[in-house]
Amino acid sequence: MLVGRTFWSPRKRHDAVATASSNAVRKVREDAARRWRDSQAARELEGSLISLAALIGTDVTNPDGEAVGQLRDVVVRWTSRTSHPAVTAIVVRASGHNTVIGAHWVEMSSSSGVRLRAHAAYARGAQRRPGEVLLAHDVLDRQVVGADGVDIVRPADVYLAAVKGGIELIGIEVGVRALLRRLGSKRRRGRVRPARVIDWATIRSFTPVRDDGTGHRGRRSDLAGATGTGLRLNVAAEELSALRAAEVEAALHQSDDESEGPSP
Amino acid sequence: MSVIDAPAHGSARRPPHALKRVLGLLAILGPGLIAANAGNDAGGILTYASAGAEFGYRTLFLMVLITVALVVVQEMCARLGAYTGEGLGALIREEFSLRSGASAMVLLFVANAGLTVSEFAGVGASMEIFGVSRYIAVPIALVAIWAVTVLGNYTRAERVFLVMGLVFLAYPVSAFLAHPHASAVFSNLLWPHFLHSKAFLLLSVALIGTTITPYMQFYLTSAVVDKGVTPETYKGERIDTVNGAILSDVVSIFIIIATAAAIGGSGALTSAAQAASALRPVAGASAEQLFAVGLLGASLLAATVVPLSTAYAIAETAGAERSLSRKLSEAPLFYGLLTTQLVVGAAVALLPGNAVELVVNAQVLNGFITPVLLTYILILANRRSVLGSAANGPRFRALATVCVAVVSVLSAVVLVQTVAGWL
């Protein structure tokens, strides 16, 4: 409903042209096969993808499993060289204060939540460092704008994944189902099934402080710091095709390979 | 879509100073005036007329208070739009939660659907005074509204609707010609003469509900964004908003005075013809026709603004493109929602009998949304993280808090009353 399929994939337009019945039959079969692959891939991803929306507000535990506070935010460092930024810290709310804990001390998974590796974790200063993005504050629910300035969607979820050497930001989920998942019961919120994902590599920048002639969006950046009001893609709204589960899985493997060796 | 394109021709001919100022004022007619005036829709006019007929001048002081509250609320909304570049729906999702945003949208959608039906019913009723069947009038109105919003020049259309609404300026004239008790009017305006009765309380709350309605706040914020108002140009928008709110309430006050002077104390209104009879001092025998023209303009304006507010709010909560300056294909969700509300609203308005009444009852939901929405607006406008230096100062904050609290409590009262009445 919110994100019509035709809106997303240029393939759909192609469908309309395929009038010959044999073509149509083949199409249906292909679609079914693709859906099946997607659902398989989605199921496999269920364990490895971490949903930010499901984690925010949950307890952060110490090695003994006791709650020490609630997860407020996850910080990644986003520079021009990283297409999938690594998690550098988490923000924990404990006894009325926000504490920033370096990612080095943190384990994260969709099944067991966020856990500290040691009883005494090093808490660093709360100042935002250059290039740092607070995913819940700056990305989740913010406006995503195409390269042509057309508003597209607001992310319903942000996906992270454990790769060798840490946790990385994979992409943003824009599917309606993810939206419903967040509106649903707490139990269901942990069941991450990616449906429509925009690869983080597609995202060019935060919406600049002052947009070109078309509008005035982004003025909140003045107030909210360097990262402000939303995300801008490097493709136009019409050209955007969201990744399906199978593609996400492929991207994930690729991301895993990349982080094995130091990239040039 | 710029509303500031009108005064350009004025500078070439170098009009005298006063004329220039008037032109300048007309040029900034915009979202503020539209939003507030949409509040004077068919339901609003009948409520004001009813207040005059049943309680004479006694509700006037309340109207003054309502005007203050309306100005305060609308100003906060316009400011939020201008400084954040985002509508209320988007701000609620970002600053509160997805859940709050989603539930606000569901309630707004249902309540506005009910309102749209009653606006189309108003179109039908006013054209029937001219002997045109509503089965002809309503479809034509539907096509016209759809065409100007989706295909045509909305800014021009909104001025046409506003001018039609100006017919209600006949009420002030009528009010003077009916020779109301000047002293009674002024003492009622300046000092409360409230009655301690259930009927008076219910009517008071109805007055608040029809003057401060959620769609007005959603529409204003989004329209300010769509118009492209920035903090630099906010000054003009603020004048538009404050003037619009005051002007529309002054008209409401005169409707009460004119009706009170003509048929005051005759009990509750039973028909639109009675409401029209208050225009007799101006129009004589053709009072009813004059009333019908005004009712038509008001209904058309509201039938445009209400679905627009739904479309803006839901599209921005979802993050989809929403702007009247976009093409149909560029903002499918926005125009889809707009079209759906218009078509369904017009269709239900043409259904015979109880269906209309049932749907119109959905407006009661507004009594539920208003307190929550006003609280959100207040919190947002107080937040420095949202508005920076434009956030509410301490004095404005105190005033706004009182306004929001009073309106909220009274809205809650009518909600409880209505629901209890159903059970």
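Summary of values
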read-out: Per DSSP, loop chymotrypsin sites (Phe, Trp or Tyr not before Pro) in the range B:172-278 with at most 15 further Cβ within 10 Å; value: B:F194
read-out: Interface burial for A against B (accessible surface, 1.4 Å probe, total of both chains, Å², rounded to 100); value: 2300
read-out: Residue-averaged beta-carbon neighbours from other chains (10 angstrom radius) around B:89-96; value: 3
read-out: Loop GluC sites (Glu not before Pro), the range B:74-126 (other Cβ atoms within 10 Å of the site Cβ: 11 or fewer; DSSP); value: none
read-out: Furthest towards positive pole of dipole, B:V143, B:I92, B:L189, structure part chain B, Cβ charges; value: B:L189
read-out: Peptide B:331-337 - average C-beta neighbours from other chains (10 Å radius); value: 2
read-out: Distance from the range B:50-84 to the range B:287-308 (C-alpha centre basis), Å; value: 20
read-out: Inter-label distance for A:D31 and A:A236, nm, one decimal - labels placed 7 Å from Cα along Cα-to-Cβ; value: 2.7
read-out: Computed [θ] at 222 nm, deg cm²/dmol, chain B (DSSP H ≥ 4; -39,500 (n - 2.57); rounded to nearest 500); value: -25000 deg cm²/dmol
read-out: Global form of the range B:249-345, assessed from the alpha-carbon gyration tensor, a/c cut-off 1.5; value: prolate
read-out: Solvent-accessible area per residue for chain B (1.4 angstrom probe, square angstrom); value: 39
read-out: For B:38-49, mean number of other protein chain Cβ atoms within 10 Å; value: 0
read-out: Size of charge dipole - chain B - debye, nearest 20, with Cβ of Lys, Arg +1 and Asp, Glu -1, no other charges; value: 760
read-out: Length gained when the stretch A:D148-A:R128 is fully extended (0.36 nm per residue, less Cα-Cα span); value: 4.2 nm
read-out: Trypsin sites (Lys or Arg not before Pro) lying in DSSP loop within the range B:294-403, provided at most 12 other Cβ fall within 10 Å; value: B:K327
read-out: Shape of chain B, Cα gyration tensor, a/c cut at 1.5; value: rounded
read-out: Listed residues B:K227, B:K235, A:K27 arranged by accessible area, highest first, probe 1.4 Å; value: B:K235, A:K27, B:K227
read-out: Magnitude of the charge dipole, the range B:222-285, Cβ model with Lys/Arg +1 and Asp/Glu -1, debye to 20; value: 220
read-out: Rounded to 5, percent antiparallel among DSSP beta bridges of the range A:27-151; value: 95
read-out: Protein accessible area in chain B, 1.4 Å probe - carbon and sulfur %; value: 69
read-out: Residue-level accessible surface for B:S385, protein heavy atoms, 1.4 Å, Å²; value: 80
read-out: Nearest-20 debye value, the range B:37-98 charge dipole, Cβ charges on Lys, Arg, Asp, Glu; value: 160
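The values are calculated or read from the model by the stated rules, or taken from the named source; none is laboratory data. Source: prediction; values computed, not measured. Methodologically, a virtual Cβ is constructed for each residue, glycine included, from the backbone with ideal geometry; neighbour enumeration extends over all protein chains shown. Note: accessible area is taken over every heavy atom of the protein model, side chains too, but ligands, DNA and RNA are not part of it. Shrake-Rupley method; radii C 1.70, N 1.55, O 1.52, S 1.80 Å.
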